[in-house]
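Participant: The structure's right below; bear with me while I get my questions together.
Every read-out reported here was derived from the displayed coordinates using simple, explicitly stated rules and does not represent laboratory data. Keep in mind the model is a prediction, meaning the values are calculated, not measured. Here the Cβ positions follow ideal geometry from the backbone for every residue, glycine too, while neighbour counts run over all protein chains shown.
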Amino acid sequence: FGSRRSHLAQAILTDAFPDQPRPRALAIFARMRGPMPMAAVATAAATLARGVWASDTVALRGPVAPVAESKQNFAGGALAGVEFSLKKQFDLASDPTKQWDIGVFSDEHLTHSCANYVDDGTTVFNRGEDLVLKVSSVCEGGGCLNSARVMSKESFKYGLYTFTARVPKCNSVWPAIWLLPEDKDGNGVYGGWPCSGEIDVLETVDDHTFGTFNLVAGYGTGGDGGFTCNRCRPGYAVSSSLKNSSSGALFIEDVDCSNGATSWQEHTWVMHWEDNKLTTWIDPTLGKDADGRIISVLPKQEPVEREFPSWKTYDRATTTSWSKVEDFMGQCYPGVASESAPFDQGFKIVLNIAVGGYDGAGCKWGDGCSTGCIGAVGSELVISNISFWEAA
């Protein structure tokens, strides 16, 4: 299983089938027909398990009592009694290479999607004041699609992040707005991926009406069932907050792929990252004072009949996938790791468009990219704002 999604699937299946020996769990995984996005992995595992895992997150509907360790007044999805000053606003109209490292590699051995990330001016460029990532063309030979992935040169940590974007949909596209520690392979202070962490602000595929907000951590393993201080190489275990397809889902927008739709409308994602807690909202109201500082975040009110909420919080104290790595961090990185590890270090912003490679998609690397997923050519992730705000 050559991708991070494959390893996540194994971890999910271990939880789903605790009474099954490992070979049996892997046999069940093999029936899922290849690597999937995290949401699809969890859905399949939950279906096979004939049950749904309890969510690791704080309750999302109705008032939520403030957690003692939180540094802000946070209740009912609203963030108030705060002051955030603008620290960094990306100049999306400038040469992308000034602020971003443009990826030049393929997804062949990562997620197995059709994406071949190139830097030839056709996949990453400016359009007016916007930054555009595009699936530009079919690779020579037809076994992949030329697409875009960028990583910010600068790292960020605690504060408020705002992303405004028009996200592509349909045609088996798999766009994402996420964060990694140091490089494309997820290396960081605590070792290789997943030990140094991953924050997914948004992942969505094809015609899904929702985007997934997810935290990924991990610990090194030596084959004895416990952890080992090996910096996650070669053995590691994945610990993800995603336990089923809806546990990380935020409703974004209905989409009708059969009617020629190619994207959602423009939306804004806001993520608040503080010690021991991360929260993401979709299209919230941002309150500002006379000096332009953000003083409140109010969640969008969704109709009662909506299946998914418009915001979600992961608190370390109630997110078992996060607290599960505490012993590994404390014993392997004494004096370095805080109780929030791995989410206590700076991360870089990543934007990309993958295509296919998940269960149910019309293509994967080397298979169907120029036929089943040819409609993805021309798909664009259009970013009109990325800003980082620090607590004043």
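Participant: With contacts defined as alpha carbon pairs under 8 Å and 6 or more residues apart, what's the relative contact order of the range 199-328 in percent? List each step's numbers first, then the result.
Facilitator: Numbers: 235 pairs, mean separation 31.1, N = 130.
Relative CO of the range 199-328 lands at 24 percent.
Participant: To continue, here is another question. Could you work out how much longer the chain between Asp120 and Asp275 gets when fully extended? Use 0.36 nm per residue separation minus the Cα distance between them, nm to one decimal.
Facilitator: Full extension of this stretch gives 51.8 nm more.
Participant: Which whole-Hz ³J(HN,Hα) couplings does the range 196-203 yield from phi under the Karplus relation 6.51 cos²θ - 1.76 cosθ + 1.60, θ = phi - 60°, glycine and proline marked x?
Facilitator: 8, x, 8, 10, 9, 6, 8, 9
Participant: Here's a follow-up. Quick check: the distance between the Cα centres of the range 91-151 and the range 182-260, to the nearest angstrom?
Facilitator: 21 Å
Participant: Would you work out if the range 243-374 is rounded, prolate or oblate? Take a ≥ b ≥ c from the square roots of the eigenvalues of the alpha-carbon gyration tensor; rounded if a/c is under 1.5, else prolate when a/b is larger than b/c, oblate otherwise.
Facilitator: oblate
Participant: First check a/c for the range 177-327, with a ≥ b ≥ c the square roots of the eigenvalues of its C-alpha gyration tensor; if it is under 1.5, answer rounded, and if not, answer prolate when a/b is larger than b/c or oblate otherwise.
Facilitator: prolate
Participant: Here's something else I'd like to know. For Lys324 and Glu182, what does the FRET efficiency come to when R0 = 22 Å and r is the distance between their Cβ atoms, rounded to the nearest 0.05?
Facilitator: Efficiency, from the Cβ-Cβ distance: 0.45.
Participant: Let me ask something additional. Taking a ≥ b ≥ c as the square roots of the eigenvalues of the Cα gyration tensor of the range 132-248, is the shape rounded (a/c under 1.5), prolate (a/b larger than b/c) or oblate?
Facilitator: Judged from the Cα gyration tensor, the range 132-248 comes out prolate (a/c at least 1.5, a/b above b/c).
Participant: I need the phi-derived Karplus couplings for the range 231-238: 6.51 cos²θ - 1.76 cosθ + 1.60, θ = phi - 60°, integer Hz, Gly and Pro marked x.
Facilitator: 6, 6, 9, x, x, 7, 10, 8
Participant: Per residue of the range 260-269, what does 6.51 cos²θ - 1.76 cosθ + 1.60 with θ = phi - 60° give for ³J(HN,Hα)? Whole Hz please, x for Gly and Pro, Karplus curve as stated.
Facilitator: Going residue by residue, I get x, 5, 10, 6, 6, 5, 6, 9, 10, 9 Hz, with x marking Gly and Pro.
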